Amino acid sequence: MANLGVPCGFIGSVAEDDMGQFFKSKLEENRIKPFLKKMNTRTGRAVALITPDGERTFGTYLGAAVDMGADDVDPKVFEGFDYFLIEGYLVQNYALILEAARKAKAAGLKVALDLASYNIVEANLEVLNDLVDNYVDILFANEEEAKAFTGKEPEDALDAIASRCDIAVVKVGSKGAFIKQGTSKWHIPAKGSKVVDTTGAGDFFAAGMLAGVSKGYELEKAGQLGALLAGRIIGVVGAQLDAEAWGEIKAAEAQL
């Protein structure tokens, strides 16, 4: 989002260690305002394991992130922002997520939630239902996460989710994504054909779509921007793009 010209901040927790400093410096390098709480536990990390077909799984150590509590979220950090995106991996920390969502809504922000992983959804259905029904405006899920949340296949899951929040997004990999708001529904075709590593594809789709919404794009165009970003990140190893790639993305955005 920051690389698309949208001012951003990041709320999280790290330790006073090399990995924590790395995260902080990377946020600043990408013009993202860091709101980082310092903890005694080591900074968390995720090791991505990539198979030859480009699929990935994670070995995850949440570390300092687990120690962040509801009282660590200062309501003032929401000032000047319009959207608050919650990463679903931390939904196990019920008090933190619910309090952060409450404070964001009280500050006038719209709340977006990325369901993160189907096994996280299965293990935390009660709190996710509470979160979606009381705070969430935009929900992102892939087809496995959507099925875990609703018990339904992608398009039926989309309908079920859209009945509970303003905007529902169900991503279906190489088949693209579905977006629904009210009675309006769009299919967004996938972009990019070369799959090297799917790490970050969902996050890049969410980033592109939220950037588009922040800029006032219609939902279909915002979704196309999400697909554009996702299509680029699957063509490289890792979850970062270089300056040349961002230049090409901005040129393609202007043509949407």
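The values are calculated or read from the model by the stated rules, or taken from the named source; none is laboratory data. Keep in mind that this is a model prediction, so the values were computed, not measured. Backbone-built Cβ (ideal geometry, glycine too); neighbour counts: all protein chains shown. Quick note on the areas: whole protein, heavy atoms, side chains included, nothing else; ligands and nucleic acids left out. Shrake-Rupley method; radii C 1.70, N 1.55, O 1.52, S 1.80 Å.
The phi torsions of segment 89-101, fed into the Karplus equation with coefficients 6.51, -1.76 and 1.60 and a -60° offset, translate into couplings of 4, 8, 5, 5, 8, 3, 4, 4, 5, 5, 5, 4, 5 Hz, rounded to whole numbers, with Gly and Pro shown as x.
Annotation note: GluC sites (Glu not before Pro) in segment 32-114 located in DSSP loop regions with a Cβ neighbour count of at most 14 within 10 Å are 55, 79.
For the chain, the Kirkwood hydrodynamic radius comes to 18.6 Å, computed from all pairs of different C-alpha atoms.
Per residue, what accessible area does the chain have, given a 1.4 Å probe and all protein chains present, in Å²?
I get 50 Å² per residue for this part.
Loop-resident trypsin sites (Lys or Arg not before Pro) (DSSP state other than H, G, I, E or B) in segment 147-209 with no more than 14 further Cβ atoms inside 10 Å of their Cβ: 164, 194.
Debye-formula intensities of segment 111-256, expressed as log10 I(q)/I(0) at q = 0.15, 0.18 Å⁻¹, are -0.72, -1.01 (one equal scatterer per alpha-carbon, no solvent). The amide H of residue 86, built 1.01 Å from its N in the peptide plane, has 112, 113, 114 as neighbours under 5 Å, considering only residues 5 or more places off or on other chains. With N counted as the residues of segment 79-133, its alpha-carbon radius of gyration over 2.2 N^0.38 Å works out to 1.10. What the phi angles of segment 159-169 give under the Karplus curve with 6.51, -1.76 and 1.60, with θ = phi - 60°, is a coupling list of 4, 5, 5, 5, 6, 10, 8, 5, 10, 10, 10 Hz, glycine and proline written as x.
Here the dipole of segment 182-256 is about 200 debye; that uses its Cα centre as origin and unit charges on the Cβ of Lys and Arg (positive) and Asp and Glu (negative). Here the extension length gained between residue 239 and residue 255 equals 3.3 nm, from 0.36 nm per residue of separation less the Cα-Cα distance. Taking the Cα centre of segment 1-145 as reference, the dipole from Cβ charges on Lys and Arg (+1) and Asp and Glu (-1) amounts to some 620 debye. The charge dipole of the chain, taken about the Cα centre with unit charges on the Cβ atoms of Lys, Arg (+1) and Asp, Glu (-1), comes to about 460 debye, rounded to the nearest 20. Remark on residue 13: its backbone amide H falls under 5 Å from those of 37, a criterion applied only to residues 5 or more positions apart or on other chains, H modelled at 1.01 Å from N. Taking max minus min of the alpha-carbon positions on each principal axis, segment 51-160 gives extents of 43, 34, 25 Å, largest first.
What the Cβ-Cβ distance of residue 187 and residue 137 gives, at R0 = 22 Å and to the nearest 0.05, is a FRET efficiency of 0.55. Here's how it looks for residue 191: its modeled amide H is under 5 Å from those of 231, which are all 5 or more places away or on a different chain. The alpha-carbon of residue 194 sits under 17 angstrom from the alpha-carbons of these lysines, leaving out residues fewer than 8 places away in its chain: 175. Think of the chain as having a plus end and a minus end, set by charges on the Cβ of Lys, Arg, Asp and Glu; of 202, 256, 96, 256 sits farthest toward the positive end of this dipole. Across the accessible surface of the chain, with the other protein chains kept in place and a 1.4 Å probe, carbon and sulfur atoms take up 50 percent.
Between the alpha-carbon centres of segment 90-134 and segment 22-67 there is a gap of 19 Å.
Taking the Cα atoms of segment 133-213, the ratio Rg/Rh between the radius of gyration and the Kirkwood radius comes to 0.96.
The label-point distance for residue 30 and residue 163, in a model that sets each label 7 Å from Cα toward Cβ, rounds to 3.7 nm.
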